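Okay, so here's the structure we're looking at.
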Amino acid sequence: MRIDAGRLATPEAPLRLGVLVSGRGTNLQALLDATASGAIPARIVVVLSDRAGAPALERARRAGVPAAHLDPRAFPDRASFDACLARRLEEAGVELVCLAGFMRVLTPDFVRRFRHRILNVHPSLLPAFAGKDAQAQAIAYGVKLSGCTIHLVDEGVDTGPIVLQAAVEVRDDDTPESLAARILPHEHRLYVEAVRLFASRRLVLEGRRVRILPEEAPA
């Protein structure tokens, strides 16, 4: 099955993105830059964060993108918080949800609501080193290669079908911080490319495997 918004995005009718953030927002910035430059036929229509002081919110506001904090403590449980999150995304007409350092596990109901329309970036070569502190996990395990993964979000933690990956050497003197710094530019590049592939309807899901269709030659 094709993984897309049910239409081909164009510069005249760009794909509508909603981005969920918790921290610095460097992956958000990569998407903001790519949409502003026309590198991808997409537009970020809303940015939402579970943390009031997330620098990512200010990045969005500087770019003229509506941005808001939703406080999880104001809701009785995870399900009601995620339901509000989903409503805000739907009200903005979001066609693809991008998790950019969003530090919460989404509920199954949220995932079903946006089935095959949620992308996440993770700083390891999944399925290795899922969850928190992936760089530290990779160094402790002694792997020679780590990297990053863009994947579709399912009901598990970093268990969804893999869209794109990039490998990065793990050096003998690496710290979690130095490894993360070398992985980060690859995260930015792959996230933009994954959104471009989604917008151009070039992703096909076959079981757990995501196949990338060749780019069509201009007519």
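Taken together, the values in this text are just the output of simple stated rules run on the coordinates, not laboratory data. The structure displayed is predicted, hence computed values, not measured ones. So basically every Cβ, Gly included, is an ideal-geometry build from the backbone, and we count neighbours across all protein chains shown.
Would you calculate the convex hull of the Cα atoms in the chain and tell me its volume per residue in Å³?
Details: hull volume 28.5 nm³, N = 219.
Hull volume normalised by residue count: 130 Å³.
What number, rounded to the nearest 500 deg cm²/dmol, is the helix-based mean residue ellipticity at 222 nm of the chain, given -39500 (n - 2.57) per DSSP H run of at least four residues and division by all its residues?
Working: 6 runs with 72 residues, N = 219.
For the chain, the value works out to -10000 deg cm²/dmol.
Counting only trypsin sites (Lys or Arg not before Pro) that sit in a DSSP loop (anything but H, G, I, E, B) with at most 10 other Cβ atoms within 10 Å, what is the longest stretch of the chain containing none of them? List each step's numbers first, then the result.
Values: sites that count: LYS132, LYS144.
By the stated rule (loop sites, at most 10 other Cβ atoms within 10 Å), 1-131.
Go through the range 95-103 residue by residue and turn each phi into a ³J(HN,Hα) via Karplus (6.51, -1.76, 1.60, θ = phi - 60°); whole Hz please, and just put x for glycine and proline.
These are the phi-based 3J(HN,Hα) values: 9, 9, 9, 10, 8, 10, x, 7, 9 Hz.
Return the distance in nm (one decimal) between the two label points of a simple spin-label model at ALA79 and GLU155, each offset 7 Å from Cα along Cα→Cβ.
Placing both labels 7 Å beyond Cα along the Cβ direction yields 1.3 nm.
Where both partners of a DSSP beta bridge lie in the chain, what percent of those bridges are antiparallel, to the nearest 5?
Numbers: 16 of 34 bridges.
Looking only at bridges with both residues in the chain, the antiparallel portion is about 45 percent.
For the range 1-78, state the average projected area of the convex hull of the C-alpha atoms over all orientations, rounded to one decimal in nm².
Details: hull surface 26.5 nm².
Mean projected area of the Cα convex hull: 6.6 nm².
What whole number of Å gives the distance from the Cα centroid of the range 76-104 to the Cα centroid of the range 146-219?
Cα centroid of the range 146-219 versus Cα centroid of the range 76-104: 22 Å apart.
State to the nearest 20 debye the size of the charge dipole of the chain about its Cα centre, where the only charges are +1 on K and R beta carbons and -1 on D and E beta carbons.
Working: 29 positive and 26 negative charges, 93 e Å.
The dipole of the chain has a size of about 440 debye.
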